[in-house]
Each structure stands twice: as C-alpha cells, then as structure tokens.
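The values are calculated or read from the model by the stated rules, or taken from the named source; none is laboratory data. All of these numbers come straight from a predicted model, not from anything done at the bench. FYI the Cβ positions are ideal-geometry reconstructions off the backbone, even for glycines, and counts take in every protein chain you see. Each accessible area value is taken on the protein alone, full model and side chains, heavy atoms only, with ligands, DNA and RNA left out. Shrake-Rupley method; radii C 1.70, N 1.55, O 1.52, S 1.80 Å.
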Amino acid sequence: MSGNLINKRLPDKNWTPRRIIFTVLFTAISIGINYLGSFLAGLIAFPLYLDSVMTIAVTALCGLVPGLICAFSSNLLLFIFAHTGIFFSACHLSTALLAWLIFRSERKNHPNESLLSADSFMWAGFLAAISNSIIGDTISAVVYGANTSIPQVDNAVQGIYVVIRSLPIAAYIGGTITNFVDKLVSATICLFVYRVVKRIDTVRSIP
C-alpha cells in the first residue's frame, strides 16, 4: 500500500505518522473554520448557519472518527463562546455520519475510482440538510422556543410566523429552507477542498 499523506481509497486506514499529523492538523483547522463560519453567518444578510462548513471534507479525507470529532468540537466551541445550544451537536454529528455512509457506499461500489464523485458530496449535503432540518428544527422548537442564536435565521422564522401564526411550523419552514441552502454551500466548499488536497497529495507522490 502507498504511504501517501491521503490514501486513495480508504481514508480510515494506513495510519502512517504523516497521515496522523495531517489528520490532527486538518481536523483542528476545520474546527476553527466551522467556528469562524458561524461567526461570519451572523454578519451577512442572508440566513445561513455555516457552522459545519468543513465537516464533510474532514469526513471525506480523514474518516468517520475525525469527522465526528470535528462536528462535536465545533458545536462545543459555539456552545462555550457563542451560547449556541449544546443539543444542536446532534445536527453536526448527523452531518458527519451521513457523509461517511455515503462515501463508504461509493468507495464500495466504485473501488477502482481514485476520487469521490461530486455527486457523493451533493448527496451528503442533501441528506445532511434533511437530517439537520428534522433534528435541528425539532430541538429549536421544543427546547429553545424556535431560537437558533443566528439572528438572520431567527428573523426569517419570525417573518414566517407573522404569516402563518404558528411558531413550531415557522421554525420548521425557516430551518428547512436555511438548511438546504447552507448544506449546499458547505458541500460545494468541501468538494473544492477535497479536490485541492487530493491534487496536492498526487503531486507530492510523483517520484
């Protein structure tokens, strides 16, 4: 087996020292990016979360456990410093788990392909949007009174509430729309990061 920084087929195998260093550093950087992404989401006018913008990339490149660590640690930072509900970590964890299942299935069904397809990243984003909508909107409505701690998202929910006069339904509608846009953006960014890292690894492996 090759000892490349990023193994072509099995991101959770071949734990060489270089691979361990890459995984630790990439996961740590991605946790920071997720935290900063959430901060950035509070500054733009369009309702987005951007708090799991790198989770799918970590899962694709490093495997399930680093993906779960990235997901939970990102939410833990947000809980400590941005007062985001700790229960929302379930959304982050589902993003990593679903992405891993999709990537694992693709690797099993296409063992001769050296790269994950763009479709697999889009499916990961799509299913994450569904899971985050169901889990996150339920937590938001039941535990936090439809509050997400993201002003733009909360404003969108309040605007929908003015029309339909049902806070739980407004939370589901607003959260679902936001999640689909957010996860599409995140999946696209993760696909770009994944392709760049794999290209760098390919160049470095050329004798």
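Each label point was placed 7 Å from the Cα along the Cα-to-Cβ direction; for ARG107 and VAL65 their separation is 1.4 nm.
Here the simple spin-label model places points 7 Å from the Cα toward Cβ, and for ILE164 and LEU36 these points are separated by 3.6 nm. Shown in residue order for the range 125-134 are the 3J(HN,Hα) couplings computed by the Karplus curve 6.51 cos²θ - 1.76 cosθ + 1.60 at θ = phi - 60°: x, 5, 5, 5, 4, 5, 5, 5, 5, 5 Hz (x for Gly and Pro). Each label was represented as a point 7 Å from its Cα along the Cα-to-Cβ direction; for ILE134 and LEU43 these points are 3.6 nm apart.
Here the Karplus relation 6.51 cos²θ - 1.76 cosθ + 1.60, evaluated at θ = phi - 60°, turns the backbone of the range 174-179 into coupling constants of x, x, 5, 4, 5, 5 Hz, with x for every Gly and Pro.
Surface calculation, 1.4 Å probe, protein heavy atoms: ARG104 sits at approximately 140 Å² accessible. Here the Karplus relation 6.51 cos²θ - 1.76 cosθ + 1.60, evaluated at θ = phi - 60°, turns the backbone of the range 53-61 into coupling constants of 5, 10, 4, 5, 5, 4, 5, 5, 8 Hz, with x for every Gly and Pro. For the pair VAL24 and PHE126, the difference between a 0.36 nm per residue extended length and the Cα-Cα distance amounts to 34.0 nm.
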